Amino acid sequence: MERIPRRAIAPYNFVELPEKVVEAQPLPEQNCYHNYSKHLINGETVKIKRQTGRIECTLTTESPLYTRCGWSPEDFAEYGETPFKDLSDEIQKLRANFFINPATNQPVIPGSSIRGMLRTLVEIVSFSKIERVSGHQRLFFRAVGSNPKKESLGKEYKQYVNPDVKPEIVKAGYLIKNGETWLIQPAEFKEGKTFAWAQENSLDLESLNLQEFNSKKYKPKYIPVSYTNAEVDQTDRAKRLFAHDVDLPDTYSKKGVLVTSGNMKQTDDDNSPRCNHCIVFPVDKKAKPLPIDDTAIEHYRNALTDFQKASPFNKDWGVLQEDHPVFYYHDGKSETVGFFGQSPNFRIPYSPEGNGHATTVLDFIPKNLRELALIDLADAIFGWVKQESESEKLPQDFLKQRAGRVCVTDGLYESNQNGIWYSETPVTPQILSEPKPSYFPHYLVQPNADQLELKHYASEPIEKTVIRGHKLYWQKGSDPDFKLPPPKKVIGSPPKVSDTQTTLIKPVNKGVTFKFDIHFENLSDVELGALLWVLDIAQNDNYRLSLGMGKPLGLGAVKIEPILYLSNRKKRYENLFDSKNSYWQKGETETNKDISDYVSKFENYMLEKLDHTGNFRNLCRIQMLLAMLSWPGIKDVERNTRYMEIERDCSKHHIGQCKQKDKKINEYKERPVLPNPLDVMGIKIECDRPFPSLSKKSIEQQTELFLEDQEVDAKVVDIQVKEGKKLKTTIIYEIQGSDCSAKEETYKPVSLAVGDILKVCIVKAQGKSIRKVKRV
């Protein structure tokens, strides 16, 4: 497995998207209890049995668990806006506390946290909608150093932004505003260009009031200048146009505006890779102004970075300021400009239609999986609040909000095995960076691992790729390595870290027991079965759920043992006390032996709605979920479930190939692809699922006889590497319609991963049996 090239690792993975959303059963009337509810379905009156009761749950922490205690209103008013590093030691320790009951000074797990965990898992097992995904954040990127002949992202970027090619596709101009419309007045052409480069080491920085790129005080500027002449530098690889003798605006006859962009430094101590500025030539008054697309402007403003909001830019409009120079791409045919920015190598939107309209992550979720008006089992059980958008409206009589029929109490402390707290004093955890869904090799489905074939957010949504699915974190055993050791160990970030990135936490220890209840009303047997399915897994010794903060570090593994009590509402109100006059009459009956019956009813309902036969747990989606919940998880964290690093020590296990003299490697550089959870665990299982990624043509070929030299779609199911005088790689394929696996042997490097689907040519076949193939 290790020798398979372009294989990424991460502390997370994904449960794949469902093929369809399973609709919930009709809902009962609210504000009353039901033994049965009647519903008209397909012209027939159907009675659905309803259950009311509670599930008493015992939660045991299997690894340290942390849920941060919230501020009191008074403390929030005084300290809420203060960075953690600027708080006093006393307040930092207060901020590190676990959620605590002030009356008992014992830890409490908020019921809202438990409820959120349960809803997420019910959404997965019940094939519910994918709707809690932001469609607001527009996605932009820059791929200056990418090779368009080797990388799909570089190919996408260079078709719009490549200031070094002839004829010029990146042009310069000046921004003007006419009412509410922004336009670009093109700059003059000189030597076929609208701007020239100026080397920093040729400039008199002091007279121009300009800091050098490496200075901590460096900031972008727009500076009117003059120069003697501009010539093509024949020694320059790209044969760029360079201005000479750049000076103050009144010194020479040739004029322009010096545009200095960002220095691309990650920290103050880094050296800037930049060495050139740009000079934009004067306005071409004869040229026709080009309007900027209004939607492109809206998306650009939506995605402004902190850099684009700082001086000399506008915090709301970025580079869009009257008379300022701007760089842009225009195809010469469109009525408007969709791509623009502050420098020749500007960020551009992921724009599948090539018009400057940026995509969002939401665009890569099929519409049938996020239909707002469809009520799924998670909605039916936990309730909903529906928010309409411009692109999707609800029917006029649709109920936009409905309360759930479950209530989860706080988890109250019961007992411990080795003390309540992991440590009596707060500890500093390893540093976690924010999730980066824009990293497409991990977050989008990749049919092919080859860099040139990778799908990204400018690929056609749904048709070419979709999001990977529900993100979950791997378990890391009962004693995960989560503390920050000296020297600082950074997860998912460069190794140089400021104090603003560190924090303190005070987790509860493993082996601590809490009790909580799940109260439910009027649930159908199927709905109750969905809840119990999750809880049944949670008590199985082979699996653990994840709760609280620090999941990427292995914190929060919990076991939950449920006891089901059903309530007889009539009996509940017949007497005030029970038969012994010792307790309130609850009308409850312990029915834990019936849990499996409800679980079976849920599974059968799901199989019927999915039009599947066989074992529900053998569905690929469920197999992936069980893989992610498996306990104690994958043992070798360094090789399988850690974050990749931008500066990884070459002496340690690393992703990619270090050159002979390299001490560090950027594990993200070659954009390796994240395998699915089953592949990570080395599980080779025939799970149940149609072949959605194969073309219609290959599906039609199922009943045909196969012929040599015929091209078909094939799925990589195994890659075997054998070392000898030469490295021999054997690739095993699964081809729909073939009654056996196909094989390819090669002595050349292979850029494939298990799960890839690609075109192959049949080398040897007989009837419906394909024996040997070769890649097309």
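The values are calculated or read from the model by the stated rules, or taken from the named source; none is laboratory data. Quick caveat, the model's predicted, so the values are computed rather than measured. Cβ sites come from the backbone with ideal geometry, for glycine too, and all protein chains shown count toward neighbours.
Within segment 281-302, if we keep just the residues that are in a loop (DSSP other than H, G, I, E, B) and touching a Lys or Arg at 6+ places or on another chain (Cβ under 8 Å), the residue that is nearest to Thr181 (Cα to Cα) turns out to be Pro282. Only strands (runs of 3 or more DSSP E) whose full extent lies in segment 310-395 are considered here, and the ones with at least 1 residues that are among the hydrophobic types (A, V, I, L, M, F, W, C), surrounded by 16 or more Cβ atoms within 10 Å (Cβ to Cβ) and without any contact (Cβ under 8 Å) to a residue 24 or more places away in the chain are 383-385.
Among the helices (runs of 4 or more DSSP H) lying completely within segment 53-134, list those that include at least 1 residues that are modelled with pLDDT of 95 or more and touching a Ser or Thr at 6+ places or on another chain (Cβ under 8 Å).
Values: elements: 73-79, 89-96, 111-125.
Fully inside segment 53-134 and qualifying: 111-125.
All of Gly116, Gly154 fail the test of being within 25 Å of Cys407 (Cβ to Cβ) and surrounded by fewer than 22 Cβ atoms within 10 Å (Cβ to Cβ), apart from Gly116.
For segment 396-441, filtered to residues that are touching a Ser or Thr at 6+ places or on another chain (Cβ under 6 Å) and in a loop (DSSP other than H, G, I, E, B), the residue that is surrounded by the fewest Cβ atoms within 10 Å (Cβ to Cβ) is Ser433.
Residues of segment 144-197 that are under 27 Å from Glu670 (Cβ atoms), outside any helix (DSSP H, G or I), of a type in the set (Gly, Ala, Ser) and in contact with a Lys or Arg (Cβ under 9 Å, 6 or more places away or on another chain): Ser146 alone. Within segment 320-329, one or more residues are within 29 Å of Glu156 (Cβ to Cβ), assigned by TED's automatic domain parsing to the domain that holds Gly154 and touching a helix residue (DSSP H, G or I) at 6+ places or on another chain (Cβ under 8 Å). Could you say whether any residue in segment 27-42 is without any contact (Cβ under 8 Å) to a residue 12 or more places away in the chain and either assigned to a strand (DSSP E or B) or in contact with a Cys (Cβ under 8 Å, 6 or more places away or on another chain) (or both)? Looking for residues that are without any contact (Cβ under 8 Å) to a residue 12 or more places away in the chain and either assigned to a strand (DSSP E or B) or in contact with a Cys (Cβ under 8 Å, 6 or more places away or on another chain) (or both), one finds at least one in segment 27-42, hence yes. Counting only residues that are within 36 Å of the chain's Cα centre (by Cα), in contact (Cβ under 8 Å) with a residue 60 or more places away in the chain and surrounded by fewer than 17 Cβ atoms within 10 Å (Cβ to Cβ), segment 752-776 holds 1 of them. Among the residues of segment 64-103, just one is of a type in the set (Ser, Thr, Tyr) and closer than 17 Å to Thr409 by Cα, namely Thr67. Of all residues in segment 36-63, those being within 40 Å of the chain's Cα centre (by Cα) and of a type in the set (Asp, Glu) number 2.
Out of Ile176, Ile184, I need the residue that is closer than 21 Å to Gly341 by Cβ, β-branched (Val, Ile, Thr) and touching an Asp or Glu at 6+ places or on another chain (Cβ under 8 Å). Which one?
Details: Ile184 fails: touching an Asp or Glu at 6+ places or on another chain (Cβ under 8 Å).
Answer to the selection: Ile176.
In the same structural domain as Phe339 (by TED's automatic domain parsing), free of Cβ contacts under 8 Å to residues at least 60 places away in the same chain and in contact with a Pro (Cβ under 7 Å, 6 or more places away or on another chain): does that describe Lys158?
On the way: in the same structural domain as Phe339 (by TED's automatic domain parsing): yes; free of Cβ contacts under 8 Å to residues at least 60 places away in the same chain: yes; in contact with a Pro (Cβ under 7 Å, 6 or more places away or on another chain): yes.
Yes; evaluated as a whole, the condition is true for this residue.
Looking only at residues of segment 261-288 that are closer than 24 Å to Pro349 by Cβ and touching a Pro at 6+ places or on another chain (Cβ under 8 Å), we find that the one that is modelled with the lowest pLDDT is Gln266.
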